[in-house]
Each structure stands twice: as C-alpha cells, then as structure tokens.
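Data block below; observations after.
Every read-out reported here was derived from the displayed coordinates using simple, explicitly stated rules and does not represent laboratory data. Quantities reported herein were computed from a predicted structural model and do not represent experimental measurements. Cβ: placed from backbone, ideal geometry, glycine included. Neighbour counts: every protein chain shown.
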Ligand code: URP
Ligand code: ZN
Ligand code: ZN
C-alpha cells in the first residue's frame, strides 16, 4: 500500500513547513514539495497540520487496582487513543509480590495481543525486589522493556523502601534501563488518611487533603537524591505540585539528568473540582491529586522552559457506577485514576498552543518527540522523517469538539472535562501506513498494533 499526503503543514519538534509526505508500506519514504508519485490513496491536507502520531508513555489499560479493574482494555483504550491522535502507548505491567517479572510481562502481553489497535510497549512495575528480580531486570531491558516504575506510595501494595529503590536505580546504571518514579511519601499519607477517617472525614475531597503537595515534593527530592547517589537518570511520573516541580528544576539546574512529565488533568483541573456536590468529587480522585488552580501556570512554565519534558495521560479510567462508588463513605477506597487517553492532544493544543503558552513545535515535542526519545522509541516514533514509522495525524487546527463521555470513545461513564469545547482535533490518523481513523470513524482493527521493543538510553 502507498499513501500520499499532500499540501499539509508538516510540524516536528524543530520544523514547520509546507510539504507532501509519501508512505510506502509502514514507513515514510519521501518528503518534498509537489511530489508526483502515484499512490493507492491521496489525502489532501490543505489547511491541516501533519503531526507525528502522539506518544503517550503513561497508560493503565485493563489494570486491576483498588479492588476493581480499569474500565478500558487494550481494545477500547487504544481505539480511543487513536481517535485522539495518539498512535503509540507505553502501558504498565505489574509484578505482584512473589511473582517474577517474566510472569507479569506474559500477563500483560496476553492482555494486549489481538486487541491493541495501535503500537504499544510496556514499562514494568516492580513491587518485590530480590537478586533474582534484578537479574530479570537485565533480561527485560535486553528484550525491549527498558523502563521500570517504582512506587514511594501505597504502602503494603506497591511501595518499595529506599534501600530497594536504591538497588533498582543502581541496577539501571549497568543495564541502561530507566526508573520511573511515583513520588509521594506513602508513610506520611497513610497516617493522614487514618487520622482523617477517624475524624469522620470521608468525602472525596479528603483524598486531596491527605496527600499534601509537600509529600510529593519530599518524595521527588528523595527520588532525585537517590538517583544522584546511584549516578543514574530518573523520570518522575505524573508530577502535579509546584513544590515538586521546584525539586526537579533545582536538580536540572545542577546538571542532573532528572526528567519529569505532567498530565492534562493537572493543567486543566484543580482542587476546586473536589468541592463539587455530593460524591461528584470522586471523578477526580487520582494520585497525586489535583492541586490549587495557581499551580497550573507553574506547570505551563515548566513545560515551556523544559523543566518538564513530556505530557502523558496516566489514563486509568474507573466508572462512577459500581467502581468509584466503592468509596462512598470512605474516600480511601475510591479507585485512584481518571480517563484521558483520547483528549490529551486536543486539550493541550487548545489550552497550550492556541493561547501561546507553548509553541506548536513544543507541543509536538511534549506529546510525541521527547517521550519517544526518553523511552527508546525515537526516531522510529515521535517525528515525521524518511525512515520513521508512518504514524501521522492530519490535525485540523480549527475543528471544534465538545468533550462529552457520550461521544468520546473511552469506555467510562463520565468525562472530567464534560461540556468543555476545544478547538483543534485529529481528522485522519495513520498508524504504520494504515489509515485507522478517517474523519471520526475508526477504520483500523483490534490487533493491528504491534509490541514495541524499545532501546536503552
Ligand atoms: O491515580 C492514579 N494515578 N492511578 C494510576 C496509578 C498510578 O499511580 O499511576
Ligand atoms: Zn503512579
Ligand atoms: Zn499511572
């Protein structure tokens, strides 16, 4: 199959120019002006941007968590991602206590096989570190699972102690992997949660009030210090607090390889959402929690000046019905997480590029190029260049979309941005040379996505 996309404005992390893109099979082969090739299909992209397919390096599909399972599986979640202009995800496999990493990988590989509609890789969550598990880390890196998530929160479930974290960091110094850190002080949070519940404070807003920004900042500082002592890079996931951002900025100013992502929910929602009436605040229960509205400007500045290097979604949807309601009468039982895999590109374009908070190039860098580089996918993913995978979004900068759970494709009964109008959306989405979304219709197939063997840094 050949595909010719003509008259688009090609946008990469560094360039912006009018041109045509010729695709043969799964790869981009030629970029130029007025290309004369014959193609099986020609797409006229006049007035549209041609963006590299979005790379979302933080998703939780079909994940057992908080006594239930995230509502999107690899089929519904990746189809929703495609509608939103994301063509690559890196999802989290989980090693439960007593299990091998290999078992976790097999389990997640089965979840994705025959279902994923876009390409996918895995990070490995380590909850139980031993000599044998450290050897398995090396094997996984060789097999293309080159990053590991560790938790400083959720004691008794996911949390690792500092010694284990340090050991794992040291191991990445020799195997070339990257540690991704959930940085919140789980011990302190546990005490605050128990105290709040004992005082009869059970509403969703207490989720946020028992997870202070300082608990995130302290853990972020500690994680970076541990990485500094191990002499390895570190990547902080879902950074939400201005105080935590200060820790990353300070480390980067000292020349340390500290990296961090934030997520659209921290840029567009705030603590005020927890004050919505009744149990509605449960929609926004996620960890770290939403922060005061003033934080948003700090995060945008961090994104603009490269103290934050990526915007991912932390897509972890739970329906209000029968899932979030597990926590009626006890906020600590509300499953943590929210949907976002489909809305990332439009939200960030509308709220970031249109008001001039970030440039169009920076938008591409944050949503595709930089995550692809950090996680060993570049230049196969994250750019538009000859030899790269033909993952291209024909993006209409003037298309208006009203975000609503009913019309979006994520399998969840609410949307955190319900009713918000955004301008700028994917029109046509190409994944490895195949048109998988065409004017709002999914034309790909479940199982069309492939496992991505990622390289080391
Ligand atoms: O609340 C969240 N973030 N749920 C997903 C799990 C995690 O910690 O990323
Ligand atoms: Zn996390
Ligand atoms: Zn997450």
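Side notes on the structure shown:
- Look at where the Cα atoms of region 50-68 and of region 189-222 average out, and the two centres are 25 Å apart.
- Shape category assigned to region 177-248 from the gyration tensor of Cα positions, a/c cut at 1.5: prolate
- Simple spin-label estimate for residue 326 and residue 96 in nanometres, 7 Å along Cα-Cβ: 1.2
- Using only alpha-carbon positions in region 45-114, the gyration tensor eigenvalues give semi-axes of 30, 12, 10 Å once each is multiplied by 5 and square-rooted (largest first).
- Sites residue 202 and residue 130, calculated FRET efficiency, Cβ-Cβ separation with R0 51 Å, nearest 0.05: 0.85
- Given R0 = 35 Å, the distance between the Cβ atoms of residue 68 and residue 305 translates into a calculated FRET efficiency of 0.35.
- Contact order, relative form, for the chain: 23 percent (alpha carbon pairs under 8 Å, 6 or more residues apart, mean separation divided by residue count).
- Paramagnetic label zone (point 7 Å from Cα along Cα-to-C-beta, residue 44; backbone N under 14 Å) in region 3-22: 5-8
- A simple spin-label model places pseudo-atoms 7 Å from Cα toward Cβ; at residue 361 and residue 399 they are separated by 2.6 nm.
- Length gained when the stretch residue 30-residue 106 is fully extended (0.36 nm per residue, less Cα-Cα span): 23.6 nm
- Normalised per residue, the volume of the convex hull around the Cα set of region 367-416 (Å³): 135
- Remark: the residue 138-residue 228 segment gains 30.3 nm on full extension, using 0.36 nm per residue and subtracting the alpha carbon distance.
- The distance linking region 288-346 with region 83-138 is 22 Å (Cα centroid to Cα centroid, whole angstrom).
- Estimated FRET transfer efficiency when R0 is 60 angstrom, pair residue 195-residue 450 (beta carbons, to 0.05): 0.80
- Spatial separation of Cα centroids for region 364-405 and region 248-277, in angstrom: 21
- Region 54-130: relative contact order in percent, alpha carbon pairs under 8 Å with at least 6 residues between: 35
- Normalised convex hull volume, region 341-454, alpha-carbon set, Å³ per residue: 121
- Percent of C-alpha pairs per 20 Å bin, the chain, short to long: 27, 59, 14, 0
- Prolate/oblate/rounded label for region 328-380 (Cα gyration tensor, a/c 1.5): oblate
- Put in order of Cβ neighbour count within 10 Å, fewest first, the listed residues 122, 279 become 279, 122.
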